[in-house]
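The values are calculated or read from the model by the stated rules, or taken from the named source; none is laboratory data. Just so we're clear, the structure is a prediction, and the values are computed from it rather than from any experiment. No Cβ is skipped: glycine too gets one built from the backbone with ideal geometry, and neighbour counts run over all protein chains shown.
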């Protein structure tokens, strides 16, 4: 018999099982499977954002620093996974109970969703939840990498990444997602405009101030010397990858896919996420045309990311019109925030402060526009509390590293490029040192 024909009875039986009235245990198992699948599928999309950050940063730095950015991004993801397993997950979720942090313990992988009697209603594999939460902390750490590019030493940066992913991120995350004190107040951050994006932004801001700008970025008269990235097609590719990954970031934060209502809500989240990003692009293009008389590709790319960050705090409740409005304002904020940081002589190579910090704050404050259960005052308290905690703790770590092992390469090494000085190799060796943009 034809093998394809043999499959048909099996498919028919499976469809009949799904269509037939299910016993409680079977229904619980089915929900368990779909909820777990959502975490795994969406988690893979978020993991794919690591490639997006790598490509974006690789395109916006000069060729002499490309390999370093590639190395940092794969190292960030690896360190984040290990530290979140060893410390971060339980510190964020275990026994917070309205308090300030969980417990210090290695995550053991218990699965309370599966019991002797079947499957806990609405449950999912504990491992899938751990994986989904882990890729989020890796995203927060990646934000820091781009801001501090082209002048920071590798190992001090990795030391900071260890502290950020093991301690700083999980503690503030426990305040909301771990049912901590901010959650008790009613603070809302659906997928992490503040808990992920502005956390990365605050950590990057502290680092950028303490590290200082790149050599030649600011002239003696206070004017800004543009230092263009080496590969804008690569930066554009990175932006598209991040945009795609964001459907996992926001869609997976529904935290369930075991019912028709859940899958409907995930569809709504996808739509609002896409509309906000698109609006961010259009506004960034229009504003750069009006202000600079030319459309700036890098601003358009950051406009997309700005819209994505802005909608992340509440991607489910908005109507499509509100989603467009939230994303559009985010795209506009980026256009003005980039020169604002330059006026302060805070050198941000990829514009991460403007995208992740500024728009993370905006998106969090915008939640009450569509979610009547949230208040502006509580949202503001959360932004200030988390921002203050991350900024101060990050500054302490950066200063400790600066005055012990040092965090900045020498002027000679910076001119040579971190690929040669720190790694001993080049991303584009056929170009030769003579063609490098000094």
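Being buried (at least 23 other Cβ atoms within 10 Å of the Cβ), at pLDDT 95 or above and either more than 30 Å from residue 405 (Cβ to Cβ) or touching a helix residue (DSSP H, G or I) at 6+ places or on another chain (Cβ under 6 Å) (or both): is that true of residue 169 here? Yes: the conditions hold for residue 169. Applying the set (1) part of a helix (DSSP H, G or I); (2) touching a helix residue (DSSP H, G or I) at 6+ places or on another chain (Cβ under 6 Å); (3) buried (at least 18 other Cβ atoms within 10 Å of the Cβ); (4) without any contact (Cβ under 8 Å) to a residue 60 or more places away in the chain to residue 270 leaves exactly one unmet item: (3). Every listed requirement among (1) within 26 Å of residue 142 (Cα to Cα); (2) without any contact (Cβ under 8 Å) to a residue 60 or more places away in the chain; (3) surrounded by fewer than 19 Cβ atoms within 10 Å (Cβ to Cβ) is met by residue 261 save one, (1). Helices (runs of 4 or more DSSP H) fully within segment 1-119 that include at least 3 residues being at pLDDT below 95 and surrounded by fewer than 19 Cβ atoms within 10 Å (Cβ to Cβ): 3-19, 24-60. Can you spot a residue in segment 279-295 that is free of Cβ contacts under 8 Å to residues at least 12 places away in the same chain, in contact with a helix residue (DSSP H, G or I) (Cβ under 6 Å, 6 or more places away or on another chain) and over 22 Å from residue 135 (Cα atoms)? Yes: segment 279-295 contains one or more residues that are free of Cβ contacts under 8 Å to residues at least 12 places away in the same chain, in contact with a helix residue (DSSP H, G or I) (Cβ under 6 Å, 6 or more places away or on another chain) and over 22 Å from residue 135 (Cα atoms).
Every condition in (1) buried (at least 24 other Cβ atoms within 10 Å of the Cβ); (2) closer than 28 Å to residue 94 by Cβ; (3) at pLDDT 95 or above is met by residue 185 except one, and the failing one is (1). As for segment 191-209, it holds no residue that is within 18 Å of the chain's Cα centre (by Cα), touching a residue at least 40 places away in the same chain (Cβ under 8 Å), surrounded by fewer than 22 Cβ atoms within 10 Å (Cβ to Cβ) and under 19 Å from residue 363 (Cβ atoms). Give the residues of segment 193-239 that are touching a helix residue (DSSP H, G or I) at 6+ places or on another chain (Cβ under 6 Å) and part of a loop (DSSP other than H, G, I, E, B), sorted by residue number. Within segment 193-239, 215, 229, 230, 231 meet the criteria. Within segment 210-226, being out of contact with any strand residue (DSSP E or B) (no Cβ under 9 Å at 6 or more places or on another chain) and closer than 14 Å to residue 146 by Cα holds for 213, 214.
Quick one: would you say residue 144 is surrounded by fewer than 24 Cβ atoms within 10 Å (Cβ to Cβ) and either farther than 25 Å from residue 47 by Cβ or modelled with pLDDT of 95 or more (or both)?
no
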